[in-house]
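A short worksheet on the structure shown next.
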Amino acid sequence: MKEGYFTIPDDPAAVPNVVVSKCRDCGEHFFPKRLVCAKCLSRRLDAVEVPARGTLYSYTWVYMPLFGSMRIEHMDGYGVGQIDLPEGPRVQLPLAGKKDDYRVGISLVGEVEPLREDAGRDVCILRFRPAGSAA
């Protein structure tokens with residue numbers, strides 16, 4: 001993912017933040033960031049960080065390797081979920097773990113996952129896992 005969509009905490013056990021836009025006029029939040037509020041058309045938006053926590057709205061399982069990943073755990077496929085953040089936005093991101101770990105309505109928490117290396121640097125993604133499960 002490009003920089004500016006989520007934070008990478010210094011503590012690997014900490015929950016990352018999702019970077020969203022918040023309208024100064026109506027208070028609505030949006031992901032990804034935008035220049036104009038879709039609710040009131042204001043141009044007075046600020047980038048704010050919200051915890052990567054939410055509720056699973058819907059999900060599907062993709063039965064092919066995760067695009068760009070060189071990790072063996074991704075070779076059997078991966079989940080993609082629509083997660084409702086408490087602040088309002090619905091994000092669509094990869095899911096960590098197995099299909100049986102998920103059901104609509106469960107609480108999820110975000111984590112940063114190194115996908116591969118590129119020129120000696122980790123390329124990381126934000127993904128979600130069930131809250132309370134081991135990272």
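No lab work stands behind these numbers, since they all come straight from the coordinates. Computed from a predicted model, the values in this text were never measured in an experiment. Cβ: placed from backbone, ideal geometry, glycine included. Neighbour counts: every protein chain shown.
A few comments on the model shown:
- 15 Å cut-off, amide nitrogen to a point 7 angstrom out along A14 Cα→Cβ, residues in segment 93-122: 110-112
- Backbone phi angles across segment 42-57, fed through the Karplus curve with coefficients 6.51, -1.76 and 1.60 (θ = phi - 60°), yield HN-Hα couplings of 5, 9, 9, 10, 10, 7, 10, 9, 10, x, 7, 9, x, 10, 6, 8 Hz in residue order; Gly and Pro are listed as x.
- Farthest towards the positive end of the charge dipole of segment 17-130, among the residues L56, P94, G27, is the Cα of G27, using unit charges on the Cβ of Lys, Arg, Asp and Glu.
- Peptide ranges 47-53, 57-63, 106-112 listed from the most packed, as the mean C-beta count within 10 angstrom indicates: 106-112, 47-53, 57-63
- Summarised as an ellipsoid, the chain has semi-axes of 27, 18, 13 Å, derived from the eigenvalues of the Cα gyration tensor scaled by 5 and square-rooted, with the largest first.
- Taking the Cα centre of segment 17-130 as reference, the dipole from Cβ charges on Lys and Arg (+1) and Asp and Glu (-1) amounts to some 420 debye.
- Alpha carbon centroid spacing (whole Å) that separates segment 1-63 from segment 83-135: 14
- Taken over the chain, lysine pairs spaced eight or more positions apart, or on distinct chains, with alpha carbons under 25 Å apart number 4.
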